[in-house]
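Peer 1: One structure is given below, represented as C-alpha cells, and several questions about it will come after.
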Amino acid sequence: MQLQIIDVAVVVAAVFAPAADAVSGWWRATGRGSQEPKPPSWVEPKGFFWHVGNATTMTFGAIRALFRRPLELRGTIAQVEALGVESVGIAITTAVFVGMVMAVQFAYGLQRFGGMEYTGRIVGVSFSRELAPTLTAVIVGGRMSAGIAAEIGSMAVTEQIDAIRSLGADPLKKLVLPRILGATLVMPVLAVLALVTGFTGAMWITDNQFGIPCRFFYQTALESVTLGDLWSGLIKCPFFGAIIAIVGCHFGLVTRGGTVGVGRATTMSVVVTSTFILISDFFLTKVTLLIWPS
Amino acid sequence: MTAGTPFIAVRGLVKRYDDKVVLDDLDLTVERGETVAIIGGSGSGKSTLARLLVALERPTSGSILVDGCDITTLDDLELATVRRRFAMVFQRHALLDSMTVFDNVAFPLREAEHLPSSAVRDRVERVLRELGVDGAANKLPGELSGGMAKRVGIARAMAMQPELLVYDEPTSGLDPVNSRIVDGLIERMRSAHGVTSVVITHDMVTAYRISDRIALLAKGRIVAEGTPEAFLMTHQETVREFAQASGMDVARLGPRPGRMTPEEVRRAWYRAHEQG
C-alpha cells in the first residue's frame, strides 16, 4: 500500500512539473515586467497551474544561477541571519510550550490506563519524527515567507527588481538563490533547537506536575528514539526550508498593485506555505517510513 | 554596423498584455548621440516603450535593431551582453533601499562589469561628484530628497558608461526648480559624454529644452515627430491638443543654443496657435 502511494506521488510529480513548466509562459530570462497585469488567483484551477509553473521555472532558474560565479556567499549569510537567527526566539518559545502541552496531554491520557511512564517515549518519538520539523516549519515558515514576500514584493512594486535586471544582474541569483539556500540551511538547525527545547519543556513539566523524574523521562525517551527517527524528522527540514523560500520569493516577484498588492502577496505566501508544508509532510513521511521503518 | 545604419531602429513594434494592445505597429529611429523625447498622455505606452528599448521586456511582435542587430531574437545570454550597453533612469528612481548611495552606484560595476574595488571606488566617486551628490555617498535612499534621488538614479545609470540612456519621466514628482536642474543634467550627459538619450516624459518644457527631436505617442503609435521648434509650430490637431492640455507656458521656455531664440519661439507659437 505504501509503495502504491509513493508510486502515484512520483508519477504525479513527473507529469505535473513539466506540465506546470509548460503552462508558464512568462518567466524567460528577461523576466516578468512590472507593467504586466496582476497574477491570477491561485485558488482557481488555471491560476493554480500558473503559479506552480512560474514557481517551478523560477526555482530552476535559481538552481542554474547556483553554478554561475561569483557565489552569493555574502547574500546567503545575510539570509541565514535574517531567516534563521532572527527566528530562534519564536522557534524556541513555541517548541517549549508545545512540548509542555504534549507532555501534559499524554500524561493525563496515559494516567487513566496506568501508562504514564510511557510519556517520555511518546513525546520523544513524536517530537523527533514529526513535531520538531513540521511545527517549526509551519510557525517559523509563516514568518519567513511573509518577510520574503513583503521584501521582494516591495522591491517589485517600486521597480527595484527591474532596476537590478537593467543594471546587468540577475534577480534570481541576487534575491531568490540566497533565500532558498539560507532557508534550506537554517531549517534543520531550527528543528534541532525546537527538538531540544521542546523535549526539555516536556521533561520539566512532567517532573513538576506528574512527579516523573527528569532522568527517567530522558532515559525512556532515549531508549525509544532511534537514529532513524531523528533522521526521518531532520531530512524533511531542507525541503520545508526550500518550500518556504520558493513560495515567498514567487509571491514577492509576481506582486503588482502597490501596497495593496504587497499585503495580498504576504497573506497568500503565509497561506500557501503552511498548506504546502503540510501536504509535502504527508509525502515526505511516506518516503521516510520506507527508508527508516518504525 | 554599416554607414547610415541608425543606432536604434524600432520597426512594427507590437506589445500586448492579454487582450490589451499597448503598442501597435510602432516605428521609431534614434541616431547615435541624439536626444529623442517621447511624449504622450498617461497610459499611451511610453513606459512600455522605454522598457522594451532596454530589453526589460520582449515585444509581442516587431523588431528593435541596435546597430542593425535585432535584439528581440537574441537568447538570454546574448541579451544580457546587449543590455550592458543600455541604462535606464526609472520614474521612481528604483534605488535599492537596503544599500547606501555609494553601493547603489557601485552595484552595476560589481555585478555586471566585475571591476576591482579600487576601480569601482574611483568611478563611483567621480560620477557622484559630477552629479553633485558626493556628500550623500553614505546615506540610504530613504534619507534622500526627490531631486537627490533622481540624481543618484542618473549617477547609477551613468556609472555603467552606457551607449543608450533611457529616462522614464525624469522630472515627474519634482518641483520646477529641480525639474530644470534634472533637464540640465540630461543635457550635460549628452554634451559631455555623447550618450544617446531617449527621454520619456509628459513634461513639454523638458521635451522642448533637452531634445533634438520630439515624438508624440498616442494609442500605441508615434503620431507626430519633429524638432522641438517644428513640433510646437505644427498645425496637427493631436499635437496642438496635447501641447495645450499639458498647460505648457511658452513664456517659461529657456534658450536652446544654436536654435531659435525663446522670443522667436514664442512669436511663432502664438502665430501658429492663433491661426489654428
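The values are calculated or read from the model by the stated rules, or taken from the named source; none is laboratory data. Fair warning: this is a prediction, and the values are worked out from it, not measured in the lab. Keep in mind that these areas ignore ligands, DNA and RNA; they rest on the heavy atoms of the full protein, side chains included. Shrake-Rupley method; radii C 1.70, N 1.55, O 1.52, S 1.80 Å.
Peer 1: Can you list, largest first and rounded to whole Å, the semi-axes you get for segment B:39-84 by taking the square root of 5 times each eigenvalue of its Cα gyration tensor? Before the final figure, lay out each step's value.
Peer 2: On the way: eigenvalues 93, 22, 18 Å².
Over the Cα atoms of segment B:39-84, the semi-axes work out to 22, 10, 9 Å.
Peer 1: Along its three principal axes, how long is segment A:139-185 when you only count alpha carbons? Whole Å, largest extent first please.
Peer 2: Sorted from largest, the Cα extents of segment A:139-185 read 36, 21, 7 Å.
Peer 1: Now a separate question. Using only Cα atoms, what Kirkwood radius does the protein assembly as shown have, in angstroms?
Peer 2: 26.8
Peer 1: Tell me, rounded to the nearest percent, the portion of alpha carbon pairs in chain B spaced more than 33 Å apart.
Peer 2: Percent of Cα pairs beyond 33 Å in chain B: 22.
Peer 1: Separate question: What is the set of long-range amide H partners of B:Y17 at a cut-off below 5 Å, with H atoms built 1.01 Å from backbone N?
Peer 2: B:V22
Peer 1: Have a look at A:R64, A:R121, A:R129 and tell me which one the Gaussian network model of chain A (Cα, springs below 10 Å) gives the largest fluctuation.
Peer 2: Largest GNM mean-square fluctuation: A:R64.
Peer 1: Still on this structure, please answer the following. Beyond 15 Å, what share of the Cα-Cα pairs of segment B:83-179 is found? Please give it as a whole percent.
Peer 2: Taking all Cα-Cα pairs of segment B:83-179, the fraction more than 15 Å apart is 57 percent.
Peer 1: List, largest first, the extents of the alpha carbons of segment B:1-126 along their principal axes, each in whole Å.
Peer 2: For segment B:1-126, the Cα spread along each principal axis is 46, 37, 28 Å.
Peer 1: Assign one of three labels to segment A:176-229, namely rounded, prolate or oblate, based on the Cα gyration tensor with a ≥ b ≥ c the square roots of its eigenvalues; rounded applies when a/c is under 1.5, prolate when it is not and a/b is larger than b/c, and oblate otherwise.
Peer 2: Working: a/c = 6.30, a/b = 2.39, b/c = 2.64.
Since a/c reaches 1.5 but b/c is at least a/b, the shape of segment A:176-229 is classed as oblate.
Peer 1: Return the tail of the calculated pair distribution for chain A, meaning the percent of Cα-Cα pairs more than 29 Å apart.
Peer 2: Values: 17605 of 43071 pairs.
Counting every Cα pair in chain A, those more than 29 Å apart make up 41 percent.
Peer 1: When the accessible area of the protein assembly as shown is computed with all protein chains present and a 1.4 Å probe, what percentage of it is carbon and sulfur?
Peer 2: 61
Peer 1: Which value does Rg/Rh take for segment B:128-232 over its C-alpha atoms, Rh per Kirkwood?
Peer 2: 0.99
Peer 1: Now for a separate question. Gaussian network model of chain B, Cα springs within a sub-10 Å range: biggest mean-square fluctuation belongs to which of B:T206, B:T196, B:T73?
Peer 2: Of B:T206, B:T196, B:T73, the most mobile in the Gaussian network model is B:T73.
Peer 1: Which of A:S87, A:S126, A:S274 moves most in a GNM of chain A, Cα contacts under 10 Å?
Peer 2: A:S126
Peer 1: Suppose all protein chains stay in the model; what accessible area per residue would a 1.4 Å probe give for segment B:1-130, in Å²?
Peer 2: Heavy-atom accessible area per residue stands at 42 Å².
Peer 1: How long are the three semi-axes of the equivalent ellipsoid of segment A:53-185, in whole Å, if each is the root of 5 times an eigenvalue of the C-alpha gyration tensor, listed from largest down?
Peer 2: For segment A:53-185, the ellipsoid semi-axes come out as 42, 14, 12 Å.
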